[in-house]
Structure formats: C-alpha cells, structure tokens
Amino acid sequence: MVQVTYRIVEHDGGWAYKLGDTFSETFPSHDAARAAAVTASREQKVSDQDAWIEWENTDGQWITERADGHDRPETSVEG
C-alpha cells in the first residue's frame, strides 16, 4: 500500500503543509496548518468511485488510466 505523509513546514511568512514538492496555502500558525493537514489526510483516505483520469508525466506525455476509487493510501502528518 502507498504511504502518503504530509509535513508541516514554515512557508511564505507562516506555516503550510507539504506533500512532496507541493505546498498548501499559507496558514498563520503551526496549529492551523497541522489541522488543515489532518483534514487533507483524512479526505485522502475516503473511497470514491472508479474513474478514468488523465495526467501529464515528467516527459510531457499525457497518460490515461483507470483510477480505482477504493485503492486509497495510508496517510500521516508529521510536524
């Protein structure tokens, strides 16, 4: 199973949560950023319907694939 970890970091004069190289919006406090990360983490685990998705890979190619709406990652929040 895939593991997804949201990290709380200082960002743009405040605090944000980060997943990979992507930052959330900036929050005024660590606690606010952590609460938002916990919410995002919980939502990441919710099952959905199967769907066809398109995304662009690092080579600029568009990929179409079936996303299993029940194949959800394990999530955690650090920081």
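No lab work stands behind these numbers, since they all come straight from the coordinates. Keep in mind the model is a prediction, meaning the values are calculated, not measured. Here Cβ is always computed from backbone atoms with ideal geometry, including for glycine, and neighbour counts include all displayed protein chains.
In region 25-47, the residues that are more than 29 Å from D68 (Cα to Cα) form Cβ pairs under 9 Å with partners that are in a helix (DSSP H, G or I) and small (G, A, S), at six or more places apart or across chains, as follows: T26/A33; F27/A33; F27/A35; F27/A36.
With respect to I53, is the statement that it is free of Cβ contacts under 8 Å to residues at least 12 places away in the same chain and either within 20 Å of M1 (Cα to Cα) or in contact with a strand residue (DSSP E or B) (Cβ under 7 Å, 6 or more places away or on another chain) (or both) true? In short, no.
For region 56-79, a residue qualifies if it is farther than 26 Å from Y17 by Cβ, charged (D, E, K, R) and in contact (Cβ under 8 Å) with a residue 12 or more places away in the chain, and the qualifying residues are E65, R66.
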